[in-house]
2 protein chains.
Amino acid sequence: MPSRYEDVWSLSVRRGFLWPAADLYGGFAGFYDYGHLGAPMKRRWEDVWLETFLGLDENYRLIDPTIALPEAPLKASGHVEHFTDLLVRCPKCKETHRADHLLEEVTHEAHEGLTATEADAKIRELKVRCPKCKGELGPSQPFNMMFPLAVGPLGTDRAYLRPETAQGAYLNFRREFEALRRRLPIGLAVIGRCFRNEISPRQGTYRMREFLQAELQIFFDPATWNDAVPFDAIAAKGIQVAFAADKAKGAFETHAATDLVARGLPKFYVCHLAVVQDFYLRTLGIPPDRFRFAELDEKERAFYNKVHFDIEVKQDSLGGFKEIGGVHYRTDHDLLGHQTASRERLEVTVDGRKVLPHVLELSFGIDRNLWALLDLGYATGERQVLRLPPRIAPVPAAVFPLLSKAGLPERARALWSDLRRRVPVSYDEAGSIGKRYARMDEVGTPFCVTVDHQTLTDGTVTIRERDSTEQKRLAESTVAGMLGDLLGGTRRFADLPAAGSTI
Amino acid sequence: MPSRYEDVWSLSVRRGFLWPAADLYGGFAGFYDYGHLGAPMKRRWEDVWLETFLGLDENYRLIDPTIALPEAPLKASGHVEHFTDLLVRCPKCKETHRADHLLEEVTHEAHEGLTATEADAKIRELKVRCPKCKGELGPSQPFNMMFPLAVGPLGTDRAYLRPETAQGAYLNFRREFEALRRRLPIGLAVIGRCFRNEISPRQGTYRMREFLQAELQIFFDPATWNDAVPFDAIAAKGIQVAFAADKAKGAFETHAATDLVARGLPKFYVCHLAVVQDFYLRTLGIPPDRFRFAELDEKERAFYNKVHFDIEVKQDSLGGFKEIGGVHYRTDHDLLGHQTASRERLEVTVDGRKVLPHVLELSFGIDRNLWALLDLGYATGERQVLRLPPRIAPVPAAVFPLLSKAGLPERARALWSDLRRRVPVSYDEAGSIGKRYARMDEVGTPFCVTVDHQTLTDGTVTIRERDSTEQKRLAESTVAGMLGDLLGGTRRFADLPAAGSTI
């Protein structure tokens, strides 16, 4: 891990974003708990995600299916047979490894999609040995990453914990199509926990065994959607893309949306790349040079994905561009599979035609998104400050008395009591004012409001912006509205009158 | 099930609140999915719960620990050994039953806490036979309700899915005590899924195998907290309580808080009964005659709970008062158990004294809470209307054009586009206006806004209240603010000027 990883991890653990689960008992590899800052940050990220993606169409809705799924649909989806990684054991020291990771460490190239025979041949050819004891490795074997559950008192009903949220949306398609009054497209969003029994969850928080996904499955009519999406509005927009052949170079090129369509991507697909890019660059404020879509070629992508670009953010803590989500055109693979296996008709009638909807999946790893925001936001120079987007910051504002005497705490507490009914705002009077600003800077609080001696005479307080450290004065009675505007993005701190004058 | 259950269930399934999971494949007993109305209703309930209970103290925070837990802490907590129900098999038809439920059906009394030997003796004494085939039943056996997981490539690390969220809070206590700067009390709230392999999940949605809990664990200093809570402010308040000896009668008595303290309940405990009661009666608007706390006697409550009252709501669909949560004084049982088993010190220093904090747990079954709101809210008389609290309603407002012509749809859509940036509001122009009002009534939408011919001339629209069906006119430009006030509870529809005049 680069030392940058250690810096971000240290902040995360010290302040209460994310830390190892059950560390009281020596830890639990691949499992992490969100602390009192991580949990609200996550909930705020989810709110912004829901607003953005459900806002695309009134027919896109949040649902919440179960985490456990019976075996039959996961057989139909191919997960029971194919959701495997290649496991290699060292017969000498008993350590287990992922075959593709062993090969990647030696060759610095991706080795996804190999069969066991191919992997074994490569391992022999490259003379790869056990990284732990240097012993000769055993043969590769497919290992299913789903956690099985035995349901019922006799344990006879086999089930699994979902490895992604998508199947829950597919299983609900028919009911929702009816409840939402038989229109296409419909979108079913799911936010929740997923589980994968990763062979080696040793890459810190990047590969977790229990993790959080936010996914939107859009079911559409393939005959008409390309003409229905508002492509003209984004035709000239630049999309930051690395095609499969180029992505190892670690950069990207900006292509106009029309060029991507000319290269063969469907209009509906490019429209959604534009939406996702806006979410990252505009809503979350990711620097443009750190965002790209990275194409997966036929060998890398799942066989049912016709088009697949990963969403990647360049993070120094993880050594470069890393996947935090994906945009997947899954065709009719999923509904066809469930229609065949369940013998229930999933074809629907739209405008007098029978349609088996195709699916476009927008998939986001929430843990990876939050980590990326911590990585990009955390500055460890002279001032330790976490530049989180105001709408994502777990503590959007804090109220301080300048000193803990002379009536200032009482006045500050009164203001805080009033504010917290509208904005999650914290109160602090311990230590010097400088230390208190520093504490809030480190957890990403965008605005701090301070009650000082002048407050007692003229009813004004100071408001300090995290990034510029600039302070301005405003009337106490206008603080709530001002914070609402600043946090909601309808007003910019820089546009307020300069210090010295009162707003 | 009473027919009332069928009514509520039919609404739930038809409109998209809650329905059986994986029904495409013949269902999955004990598992239910939230549809496009249930999921946002749940999220809105959670927001109100968080605001209420985290609002009690700035040191009460939301965290989010993992669902899977390693075996060691669950051994320490007693779950591996004691989290069991008594399972009885019929050797003839192979059906499985819960021993206490079999006895309850015959005697109409609760039979919790029996040993296997006691249950077998009772079954013989009462001549209970298999309800399915009338065969003679086999012996009772303890059956652990936790779902085990085999973690890691060799499946050697035994873990379980949590049967409640509490342990995750206890495991995080030490880290959070540090991160929150070493003060007591601290409160750790967890909202999330729990799993229990129920022997017979046949009571509809009341006993689910995957379910949602919202729990707040308050860690406090037992030497000082009774004097620190604001008991005087609620001393005269009436608390609706059924003591263990009386609760089978199905009613309750209202006792002043001071009387409950005189009967031996700790002041801190009574204070929190008052808070919980306010949450139900004031915030959620449950009719007072349908709410009570029901005491569990020594035999019914877990051995580590010193005081335990269930939170109960009387629901016609479930045949009377049913548990939807509980208030549990767990003493130092949990931290002591983890301190002993982990050999890590959980005692903390507060005001120069060493303290092993005690725990007060406020526990809420989210699925059961949502069901109770559907049960109490759904009227099936002449008008089918779902009277949900405005803050919980999944669709807080809707916008309609009176007719789908004459420029009304365009004007209504423009208003809707503007509103939906601030409030989750739906749009509908299909069918007669009466049908559209009826559709929204049935999903609990508190306010509908209609654009009509007069809108085109004077810029006013009508706003209709769900419960009274009364309509008033107001200027289009004031709708957003008015909806915010009405939904936030800072303004009442009844206080607006009567129809005829424009607001």
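Observations, loosely collected:
- Only a single item in (1) open to solvent by 20 Å² or more (accessible area, probe 1.4 Å); (2) within 13 Å of chain B (Cβ to nearest Cβ) is not met by A:Arg436, and it is number (1).
- Test: residue in region A:345-366 that is part of a helix (DSSP H, G or I), more than 23 Å from A:Gly113 (Cα to Cα), open to solvent by 50 Å² or more (accessible area, probe 1.4 Å) and in contact (Cβ under 8 Å) with a residue 12 or more places away in the chain: no
- Residue count, region A:138-165 (criterion: crowded, with 24+ Cβ neighbours inside 10 Å and outside any strand (DSSP E or B)): 3
- Any hit, region B:403-417, residues being out of contact with any Leu (no Cβ under 8 Å at 6 or more places or on another chain), assigned to a strand (DSSP E or B) and either among the small types (Gly, Ala, Ser) or open to solvent by 20 Å² or more (accessible area, probe 1.4 Å) (or both): no
- Output for region B:64-107, where each listed residue is within 12 Å of chain A (Cβ to nearest Cβ), over 24 Å from the mean Cα position of the chain (by Cα) and of a type in the set (D, E, K, R): B:Glu71, B:Lys75, B:Arg89, B:Lys94, B:Glu95, B:Arg98
- Residues of region B:178-191 that turn out to be open to solvent by 10 Å² or more (accessible area, probe 1.4 Å) and either in contact with a Ser or Thr (Cβ under 9 Å, 6 or more places away or on another chain) or more than 9 Å from every other protein chain (Cβ to nearest Cβ) (or both), as a count: 5
- The set of residues in region A:308-344 that are in a strand (DSSP E or B), within 26 Å of A:Leu281 (Cβ to Cβ) and open to solvent by 10 Å² or more (accessible area, probe 1.4 Å) comprises A:His308, A:Asp310, A:Glu312, A:Lys314, A:Gly320, A:Phe321, A:Lys322, A:Glu323, A:His328, A:Tyr329.
- Note on region B:365-394: residues that are at pLDDT below 95 and within 19 Å of B:Gly431 (Cβ to Cβ) total 2.
- Single residue of A:Leu54, A:Leu24 found to be in contact with a His (Cβ under 9 Å, 6 or more places away or on another chain) and facing another protein chain (nearest Cβ under 9 Å): A:Leu24
- Pairs meeting the criteria (first residue in region A:8-19 and farther than 16 Å from A:Ala393 by Cβ and within 12 Å of chain B (Cβ to nearest Cβ), second residue open to solvent by less than 10 Å² (accessible area, probe 1.4 Å) and charged (D, E, K, R), beta carbons under 9 Å, at least 6 apart or on different chains) are A:Trp19/A:Asp33.
- Among the residues examined, A:Ala189 does not qualify as among the small types (Gly, Ala, Ser), without any contact (Cβ under 8 Å) to a residue 60 or more places away in the chain and outside any loop (DSSP other than H, G, I, E, B).
- The residue pairs whose first member lies in region A:274-294 and is at pLDDT 95 or above, whose second member is basic (Lys, Arg) and not in a helix (DSSP H, G or I), and whose beta carbons are closer than 7 Å, counting only pairs six or more residues apart or on different chains, are A:Ala274/A:Lys237; A:Arg290/A:Lys314.
- Being among the acidic types (Asp, Glu), part of a loop (DSSP other than H, G, I, E, B) and surrounded by fewer than 22 Cβ atoms within 10 Å (Cβ to Cβ) is true of A:Glu429.
- The set of residues from region A:1-38 being hydrophobic (A, V, I, L, M, F, W, C) and over 17 Å from A:Lys322 (Cβ atoms) comprises A:Leu11, A:Val13, A:Phe17, A:Trp19, A:Ala21, A:Ala22, A:Leu24, A:Phe28, A:Ala29, A:Phe31, A:Leu37.
- Output for region A:81-106, where each listed residue is open to solvent by 40 Å² or more (accessible area, probe 1.4 Å) and not in a loop (DSSP other than H, G, I, E, B): A:Glu81, A:His82, A:Thr84, A:Arg89, A:Glu104, A:Glu105, A:Val106
The values are calculated or read from the model by the stated rules, or taken from the named source; none is laboratory data. Just so we're clear, the structure is a prediction, and the values are computed from it rather than from any experiment. Note that we place each Cβ from the backbone using ideal geometry, even for glycine, and neighbour counts take in every protein chain shown. These accessible areas exclude ligands, DNA and RNA; they are computed on the full protein's heavy atoms, side chains included. Shrake-Rupley method; radii C 1.70, N 1.55, O 1.52, S 1.80 Å.
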